[in-house]
Structures are given as C-alpha cells and as structure tokens.
1. Collect the residues in region 58-73 that are touching a helix residue (DSSP H, G or I) at 6+ places or on another chain (Cβ under 6 Å) and at pLDDT 95 or above, keeping them in residue-number order.
2. Looking at this structure, is Gly55 at pLDDT 95 or above, surrounded by 15 or more Cβ atoms within 10 Å (Cβ to Cβ), on the phi > 0 side of the Ramachandran plot and not hydroxyl-bearing (Ser, Thr, Tyr)?
3. Among the residues of region 141-157, which ones are outside any helix (DSSP H, G or I) and modelled with pLDDT of 95 or more?
4. Which residues, counting only those in region 67-89, are under 18 Å from Arg105 (Cβ atoms) and either surrounded by 13 or more Cβ atoms within 10 Å (Cβ to Cβ) or of a type in the set (Gly, Ala, Ser) (or both)?
5. If I ask for residues that are touching a Leu at 6+ places or on another chain (Cβ under 8 Å) and on the phi > 0 side of the Ramachandran plot, which ones from region 110-164 would you list?
6. May I ask you to list the residues in region 118-138 that are farther than 14 Å from Asp186 by Cα and assigned to a loop (DSSP other than H, G, I, E, B)?
7. Are any residues in region 185-205 modelled with pLDDT of 90 or more and either farther than 16 Å from Ala7 by Cα or outside any helix (DSSP H, G or I) (or both), and if so, which ones?
8. Quick one: what pairs do we get from region 1-29, first residue more than 19 Å from Ser200 (Cα to Cα) and among the β-branched types (Val, Ile, Thr), second at pLDDT 95 or above and surrounded by fewer than 16 Cβ atoms within 10 Å (Cβ to Cβ), C-beta under 7 Å, 6+ apart or different chains?
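The values are calculated or read from the model by the stated rules, or taken from the named source; none is laboratory data. Computed from a predicted model, the values in this text were never measured in an experiment. Neighbour counts are summed over all protein chains in view; Cβ atoms, including those assigned to glycine, are modelled from backbone coordinates with ideal geometry.
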Amino acid sequence: MSSTEKATIASVVEGEGELGALPVLLRRLLYAAEVWNADVLPPFHVDRGRLVRQGGIESAVDALARRVPVDGPGGVLLLIDADDDCPADLGPALLRRAEATRPDRRIAVVLANREFEAWFLASAPSLGGKAGLDHGLDVPANHETLRDCKGWLTHHRADGNRYRPRVDQSALASAMDIELARRHSDSFDKFCRDITYLISGKRGD
C-alpha cells in the first residue's frame, strides 16, 4: 500500500474483552508495519453460537464489508475462540462462507487456539508485573490445549484478584511480546500473517 492510502479494518469478535484488546493488537501490528494511516473500526460483538450458525457469519461479514472501502487496503477480520473445535477445520470452513458472501473484500478468519488468552500464555515471560501477574512467568507447555487460560491467569496473579477480561485484556495486549507469542503460538502467528494480508494483499511469511 502507498503511504497515502488509508487501511481500514472492520472486525467481529465473540468476547467482550476483545472489544478493547483487539484494536490494541491491531494498532501495534500496523505500527510495526509502518502503517500510520489506518482506521481500526470498533469491533462488532457477536455471540459465537450465532456467528457459526448458517447465516450468522454471512450477515456479519456483509454488514462489516459495507464499512470497508472497496478500492483501498484493509478488510474484514473475524476473530473467535476455537474452544473444542479444530482450527484447521472450522477456520477454513468459515472463511469459505465469508468469502462467498463478499468476494469483493479481503477477509481473514482467525481462531485463537483454544481461546484469546492462550496468546497471553504464549508470551507469559513478557507479562510479569502486568495486570497483577507474578514476575518470572514461563510459557506453559500446554498453552494451546489448556481449557481454562483465564483460570491460569487468575492462578498466577500476585495481587489475589481474579483475571477480568473486560478490565485486564487490553492491558495485557498492550504489554505482550508480539514476537515471543508468534514463536510459541501457531494461531497467533496466523493472526499476524492475516493482518499483513489485509493491509497489503500479500500473505506474511
């Protein structure tokens, strides 16, 4: 993209914490790519069950695509938790449905494996002292198969408080080491590569 083009990213998320945290991550990636002229729209919140049902993702993509200029860089991003689904199966299936709905827009579908907070665990050493977390954290070996990443974050707090997605997620997204998370998490690495695709039309390495 040229320095004068504005990249617009519209997104849909399933969790309330991602409403604040996703724009933080997007802006960090855009700045790292030296994209200064960008419009990161507030995410659209849709329940996961509604989104994956027939017609759900189609409706969300169609609504978001209307907010992204057809002739400029950017596109539509859908970010949900994989939960017990296989990202390699559900992700491509949702992407096919989304692209069939609006083939005139760049679209990316990312499934955090198993949940958004797994990306924080993948960068745990960089989060010591942030949002009440202990210092000296290590990346847990099972961070992408752990069923309760939110519980892990609560257990590793030094202040005795529970992890609160709506309060803590944005702070951790701002502090996490992006490259460390990419090395340890395939789903986060895909997220980063998909953002490169949305803003440039090229798949990231």
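1. Glu58, Val61, Asp62
2. no
3. His156, Arg157
4. Within region 67-89, the first condition is being under 18 Å from Arg105 (Cβ atoms), and the residues that meet it are 67-79.
Listed by number, the residues that qualify are Arg67, Val68, Pro69, Gly72, Pro73, Gly74, Gly75, Val76, Leu77, Leu78, Leu79.
5. Correct list: Ala131 only.
6. Scanning region 118-138 gives Leu127, Gly128, Gly129, Lys130, Ala131, Gly132, Asp134, His135, Gly136, Leu137, Asp138.
7. Taking region 185-205 and keeping what is modelled with pLDDT of 90 or more, we get 185-200.
Ser185, Asp186, Ser187, Phe188, Asp189, Lys190, Phe191 - these are the residues of region 185-205 that are modelled with pLDDT of 90 or more and either farther than 16 Å from Ala7 by Cα or outside any helix (DSSP H, G or I) (or both).
8. Val13/His45; Val24/Ser174
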